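Let me begin by presenting the structure, written as structure tokens, before commenting on it.
The values are calculated or read from the model by the stated rules, or taken from the named source; none is laboratory data. Computed from a prediction, not measured in an experiment: that's the story for all the values here. Here Cβ is always computed from backbone atoms with ideal geometry, including for glycine, and neighbour counts include all displayed protein chains. Each accessible area value is taken on the protein alone, full model and side chains, heavy atoms only, with ligands, DNA and RNA left out. Shrake-Rupley method; radii C 1.70, N 1.55, O 1.52, S 1.80 Å.
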Amino acid sequence: MAESAISSSRPRVLSGMRPTGKLHLGNYMGALANWVKLQDKYDCYFFIADWHALTSDYADTSKIAANTMDVLLDYLAAGLDPARSVIFLQSKVLQHAELNLLLGMITPVGWLERVPTYKDQQKNLANKDLSNFGFLGYPVLMASDILIYQPQFVPVGNDQIAHLELTREVARRFNQFYKLDGREVLPEPQALLTPSPQLPGTDGRKMSKSYGNTIQLTDPEPLVRKKLKTMVTDPARIRRTDKGDPDKCPVGDLHKLFSTPETLAKVYDGCRSAGIGCIECKGWAADSLVQILQPIQDRRASYTEAQALEILENGSNRARLRAEQTMVEVRAAMQMTQNGKSGQ
Ligand code: SF4
């Protein structure tokens, strides 16, 4: 098992999420559904970034373990397959911390202060004190998480390309300072652009946990229907007799992503002619969502927490072997070795 993770000749990809609790349809469409497809073509590493949760939630760590379990079960429920992907927990691979320390030595503070999300998040999360060293340095930890697996690709949506660029700059700086037998140790990963349609939440804004407008992958059918009933619609349709436009309606956006062409045609005709009411239309959208969610929920129910933890343990063992391969080279390139030997 471990050997196959290390010797695969397929290009390697890596991605991860912070353990924020149960995942929602926006997470699924923006990342997970793509990751599931990548498993057919790439040597995949997917992780749960529990140390990253500490960068902003250091004062209250009581939910991290439960949130990690929820994300893990949602990974498996979405279709990440431990036979084809290495699924692991960041904090179980201590090599990430070692590389974070070493890359921290070479990363200029100015690079970190210029990361747009640094100032944005400090403003947006004004209720938290984010003047800590860990929060400023999270892009270095992120670079370490990526570079330690020497992946060729990192799957990103259009809006995340800038994040990957800093990782590439850190790799470039490392490679300028240090070489191993004349060659570069940390290849710059390329962005693997993946479609990430923006999914509207029930209030019409982007679906996001912080807006409280999500449909979770674990929501049972009655709850999905209830949430959709309250969803905002095209503001032009005040009365049942008003004509509307699915292109100006968040429910229409859901239909475009999840409904069959036949249903979508009925939605366009019915909405533009006022032939259907919004309640009926939302019912059809709920039908489509339930069709997507049901197999995900069935798969989630097929795993016990003990089985999921075993998968995480095995994946972390495999990830550690791969990470250590990189660290042997990194230590040697930096001449951080005793008696000419690298390793711990
Ligand atoms: S009929 Fe459907 S698409 Fe049209 S405004 Fe109502 S909910 Fe939106």
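Numbers for the structure displayed
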item: Any hit, segment 288-307, residues being within 16 Å of the ligand (Cβ to nearest atom) and open to solvent by less than 80 Å² (accessible area, probe 1.4 Å); result: yes
item: Per-region count, segment 90-116, residues without any contact (Cβ under 8 Å) to a residue 40 or more places away in the chain and not hydrophobic (A, V, I, L, M, F, W, C); result: 5
item: Those helices (runs of 4 or more DSSP H) lying entirely in segment 1-75 with at least 2 residues touching a Phe, Trp or Tyr at 6+ places or on another chain (Cβ under 7 Å); result: 50-57
item: Condition check for Ala323: closer than 25 Å to His24 by Cα, part of a helix (DSSP H, G or I), small (Gly, Ala, Ser) and open to solvent by less than 20 Å² (accessible area, probe 1.4 Å); result: no
item: Per-region count, segment 244-263, residues more than 11 Å from the ligand (Cβ to nearest atom), open to solvent by 50 Å² or more (accessible area, probe 1.4 Å) and part of a helix (DSSP H, G or I); result: 3
item: Hey, Tyr58 among the aromatic types (Phe, Trp, Tyr) and open to solvent by 20 Å² or more (accessible area, probe 1.4 Å) or not; result: yes
item: Residue list for segment 234-243, restricted to those being near the ligand (Cβ under 8 Å from one of its atoms), modelled with pLDDT under 95 and charged (D, E, K, R); result: Arg237
item: Qualifying residues in segment 161-176 (those that are touching a Pro at 6+ places or on another chain (Cβ under 9 Å) and not hydrophobic (A, V, I, L, M, F, W, C)) - the one surrounded by the most Cβ atoms within 10 Å (Cβ to Cβ); result: Thr167
item: Filtered residue count, segment 145-185, keeping only those that are farther than 22 Å from Val109 by Cβ, outside any loop (DSSP other than H, G, I, E, B) and of a type outside the set (Phe, Trp, Tyr); result: 9
item: Among residues of segment 40-79, those that are out of contact with any Ser or Thr (no Cβ under 8 Å at 6 or more places or on another chain), farther than 24 Å from Tyr138 by Cβ and not small (Gly, Ala, Ser), counted; result: 5
item: Residue satisfying all of: in segment 264-282; touching an Asp or Glu at 6+ places or on another chain (Cβ under 8 Å) and assigned to a helix (DSSP H, G or I); nearest to the ligand (Cβ to nearest atom) among these; result: Cys271
item: In segment 186-212, the residues that are part of a strand (DSSP E or B) and over 18 Å from Leu254 (Cβ atoms); result: Gln190, Ala191, Leu192, Leu193
item: Selection within segment 213-243 - part of a loop (DSSP other than H, G, I, E, B), of a type outside the set (A, V, I, L, M) and surrounded by fewer than 17 Cβ atoms within 10 Å (Cβ to Cβ); result: Pro220, Thr230, Pro235, Arg239, Arg240, Thr241, Asp242, Lys243
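For (1) free of Cβ contacts under 8 Å to residues at least 40 places away in the same chain; (2) among the charged types (D, E, K, R); (3) over 20 Å from Ile215 (Cα atoms), each residue gets a yes or a no:
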residue: Gly244; (1), (2), (3): yes, no, yes
residue: Glu262; (1), (2), (3): yes, yes, yes
residue: Lys266; (1), (2), (3): yes, yes, yes
residue: Tyr303; (1), (2), (3): no, no, yes
residue: Glu313; (1), (2), (3): no, yes, yes
residue: Val330; (1), (2), (3): no, no, yes
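The rows are residues; the columns are (1) open to solvent by 10 Å² or more (accessible area, probe 1.4 Å); (2) under 17 Å from Val115 (Cβ atoms).
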position: Phe133; (1), (2): yes, yes
position: Gly137; (1), (2): yes, yes
position: Ser144; (1), (2): no, yes
position: Pro151; (1), (2): no, no
position: Tyr178; (1), (2): yes, no
position: Leu192; (1), (2): yes, no
position: Gln198; (1), (2): yes, no
